[in-house]
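Trainee: Here it is, the structure in full.
Please treat every number below as a calculation from the coordinates, not as lab data. Please read all numbers here as calculations on a predicted model, not as lab measurements. Glycine gets a Cβ as well: all are built from the backbone with ideal geometry, and neighbour counts include every protein chain shown.
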Amino acid sequence: MARYMERAENLARILDVNETFARDEQGANDWLPILKLHRDEEAFFERYKRATSENVVRFYIIDSENPNSIIYSVRAARENARSIRHLISLETWAQLNVFYNWVASLTARNLRLSELSRLCGRIKEGVQLHSGIVTGTLFRDQVWSFYRLGVFTELADQITRLVDIKYHALLPSWQDVGSPVDIAQWNALLRSVSAYHGYRRVFPARMTPTTVAGFILLSPRFPRSLTHCVSNIEATLDELLTNEDLQDISFPRDSLETLKQLTSRSPESVITAGLHEYLDEVQVALLDFGAQVAATFFYAD
């Protein structure tokens, strides 16, 4: 449930930031990177002829056949919530139903590019309301630990995708690095992850690819950063494994150690070695970690 809801919010952020960077509504080069980022090209082109803004936005918001869409994620979160109805509060269940019904009511008419930012804002607010209700009502046992594990694992994965959209896919050319257009895009990226004011407290007068990417990914004080997520994943996992019901569980920590090593790098070394390659390494390690959690706790013999 936690991962699906976090995925819905971050997909809204990706669409919002991509719309900010897009040069025109029909530019396939502006919207195709989102498909590549989620490895959805084959599934998309089976049903749509061109990667226009209209088609891609529809594919990722209201296409219920797309397992990476917002409607699919919210519906899956609701079904997961139904299966643990006895463990969550009435407020959590009621809000999730209202939110799902609103998302399910969206049509192509609601997806106009001129209204996309506002629509994405409403989706983000719905997920944030869900998170607030869960935080304020969920009993602090192993259910809470698994919820937090899901939140931070998904958030870590999605924050790397957001940064990759800007750095790898949308930068027109290396000549544009440091230009007003480049700085405006980094500024928009900071705002899309609610990091602008925190960034300006640390870097009041500078904005470079190294400082922005470093802040979003590696700042331990920014609550959406990769470093903050990995730190919370480790703490939550350690707490979970002290539960008396799980004391016989042995969890392989190789993928977690890889993530810790990746977040120990400096922003300068990450940029020098290649940000896109670094983000790929992180995503592979997160996939391995998610698979290990599933195999250890949910599908163990």
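Trainee: Could you compute the longest span of the chain free of chymotrypsin sites (Phe, Trp or Tyr not before Pro) located in DSSP loops and having at most 13 other Cβ atoms within 10 Å, not counting the site residues?
Mentor: 140-298
Trainee: Also, quick follow-up: Give me the number: length gained by fully extending residue 64 to residue 129, i.e. 0.36 nm times residue separation minus the C-alpha to C-alpha distance, one decimal in nm.
Mentor: 21.1 nm
Trainee: Can you pull out the trypsin sites (Lys or Arg not before Pro) in segment 1-94 that DSSP calls coil and that have at most 15 other Cβ atoms within 10 Å?
Mentor: Loop-located and lightly packed - 23, 39, 47, 49, 50.
Trainee: Please report, in debye to the nearest 20, how large the charge dipole of segment 1-120 is about its Cα centre when each Lys and Arg carries +1 at its beta carbon and each Asp and Glu carries -1 there.
Mentor: Rounded to the nearest 20 debye, it is 280 debye.
Trainee: Based on the Cβ-Cβ distance of residue 296 and residue 139, what FRET efficiency does E = 1/(1 + (r/R0)^6) give at R0 = 25 Å, to the nearest 0.05?
Mentor: Calculated transfer efficiency: 0.65.
Trainee: Just name one of 286, 17, 249: the one whose Cα is farthest towards the positive end of the charge dipole of the chain (beta-carbon charges, Lys/Arg +1, Asp/Glu -1).
Mentor: Value: 17.
Trainee: Starting from the Cα of residue 238, step 7 Å along the direction of its Cβ; do the same at residue 101; then give the gap between the two resulting points in nm.
Mentor: 4.4 nm
Trainee: Averaging over every viewing direction, what projected area does the convex hull of the Cα atoms of segment 109-149 cover, in nm²?
Mentor: 3.7 nm²
Trainee: Give, in nm to one decimal, the length gained when the segment between residue 280 and residue 42 is fully stretched (0.36 nm per residue of separation minus the Cα-Cα distance).
Mentor: Full extension from residue 280 to residue 42 adds 83.7 nm.
Trainee: For segment 72-113, what percent of Cα pairs sit more than 12 Å apart?
Mentor: In whole percent, the long-distance tail amounts to 61.
Trainee: Assuming a ≥ b ≥ c are the square roots of the Cα gyration tensor eigenvalues, decide whether the chain counts as rounded (a/c under 1.5), prolate (otherwise, with a/b larger than b/c) or oblate.
Mentor: It is oblate, given that a/c is not under 1.5 and a/b is not larger than b/c.
Trainee: Using the Cα gyration tensor of segment 20-140, with a ≥ b ≥ c the square roots of its eigenvalues, what is the shape: rounded (a/c below 1.5), prolate (a/b larger than b/c) or oblate (neither)?
Mentor: Since a/c reaches 1.5 and a/b is larger than b/c, the shape of segment 20-140 is classed as prolate.
Trainee: Let me ask something else. Modelling each spin label as a point 7 Å along the Cα-to-Cβ direction, I'd like the residue 109/residue 50 distance in nm, to one decimal.
Mentor: Placing both labels 7 Å along Cα→Cβ, they lie 2.5 nm apart.
Trainee: How much length is gained on full extension from residue 197 to residue 231, taking 0.36 nm per residue of separation minus their Cα-Cα distance?
Mentor: Length gained between residue 197 and residue 231: 10.0 nm.
Trainee: Principal axes first, then extents: for the Cα atoms of segment 204-301, list largest minus smallest coordinate on each axis, whole Å, largest first.
Mentor: 52, 25, 16 Å, listed from the longest principal axis down.
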